[in-house]
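Scroll down for the structure; my scribbles are underneath it.
The values are calculated or read from the model by the stated rules, or taken from the named source; none is laboratory data. No experiment lies behind these values; they were computed from the predicted model shown. Here the Cβ is made from the backbone with ideal geometry for all residues, glycine too, and neighbour counts use every protein chain on show. Side chains included, ligands, DNA and RNA excluded: accessible areas come from the protein's heavy atoms. Shrake-Rupley method; radii C 1.70, N 1.55, O 1.52, S 1.80 Å.
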Amino acid sequence: MSAERERWIREKRRRAEERMDTLFAPIYDEHWGSAIDPTHRSMVVKLLSLCPPRPRVLDAACGTGKYWPLLLGSGCSILGTDQSAGMLTRASEKLPDVPVRKVGLQELDYEGEFDAVICVDAMENVFPEDWPLVLSNFRRALVPGGYLYLTVELAEDEELAAAYEAGVRMGLPLVEGEHPFVFDPREEEPVEGGYHYYPAIPRVREWTREAGFEIVEEAEGDGYHHLIARSF
Ligand SMILES: C[S@@+](CC[C@H](N)C(=O)[O-])C[C@H]1O[C@@H](n2cnc3c(N)ncnc32)[C@H](O)[C@@H]1O
């Protein structure tokens, strides 16, 4: 990786955490925190049906703990992790008995502690270089034969191509599939702000298998590709 891209990635990640703490944590629940989309719900239910009774679940990038009532209602014990202290504070205000830890997906260091890992609506924040690391962190956190549920946000090819072209024009060290812009109709050029990466689904399958998983269930719905995989 070039030094320029490394610096750019580091700065993007720092700003993502800051934006989550200051802009999104105070309003997340109001906009996105309550209703679980039907495909997401059915995948969580499927995941739980594969786990032993009273499973230990790592909710990685848990945000404000949107899935905790569903998980607790199914007898799970939960650890919630996120890189945003602001989001974790919101989660703990609602369900103070659920333990949380401020730690990034890239820094997760658990070994064989969980029957399931869920990572919902968060992998779009992970840079392509970090996908193998994050998946291997999930794999290591699981008991052998444990299950992972993750979502991959979907985007229109045309929009991604436009974002890539605009980024290259602006001299950003972009990789195809990355979208670092806010399209503001008042501006002639797109404005850099935020970050999402939309990998091709075959690439996601390949990374998942390479990290030591067998994919057992896939679905598409509510703007995401959904995947459940079993560790081996
Ligand atoms: C859209 S929210 C989703 C939260 C929750 N999983 C849900 O479904 O409501 C994305 C979350 O991912 C977290 N996040 C983004 N990048 C992360 C990273 N590299 N490590 C840990 N958390 C991250 C954000 O702080 C945010 O809380």
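Between Ile36 and Glu129, 0.36 nm times their residue separation minus their Cα-Cα distance comes to what?
Values: separation 93, 0.36 × 93 = 33.48 nm, distance 2.97 nm.
Full extension from Ile36 to Glu129 adds 30.5 nm.
Kindly work out what percent of the DSSP beta bridges joining two residues of the chain are antiparallel, to the nearest 5.
55 percent
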Accessible-area composition of the chain, carbon plus sulfur, in percent [1.4 Å probe]: 51 percent
Give me the angle, in degrees from 0 to 90, between the Cα long axis of helix 157-169 and the longest principal axis of the Cα atoms of the chain, rounded to the nearest 10. 50 degrees
For the chain, set up a Gaussian network in which alpha carbons nearer than 10 Å are linked by springs, and say which option among Ala161, Ala91, Ala122 fluctuates the most. Ala161
Pairs of Lys in the chain closer than 20 Å at Cα, counting only those 8 or more apart or on different chains: 5
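How much accessible area per residue does segment 1-126 have, counting only protein heavy atoms and a probe of 1.4 Å, in square angstrom? It would help to have the intermediate numbers written out before the result.
Details: 6140 Å² over 126 residues.
Accessible area per residue: 49 Å².
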Difference of contour (0.36 nm per residue) and Cα-Cα distance, Ile201 to Val168: 9.5 nm
Using the basic label-point model (7 angstrom from Cα toward the beta carbon), what is the Asp109 to Ser77 distance in nanometres? 2.2 nm
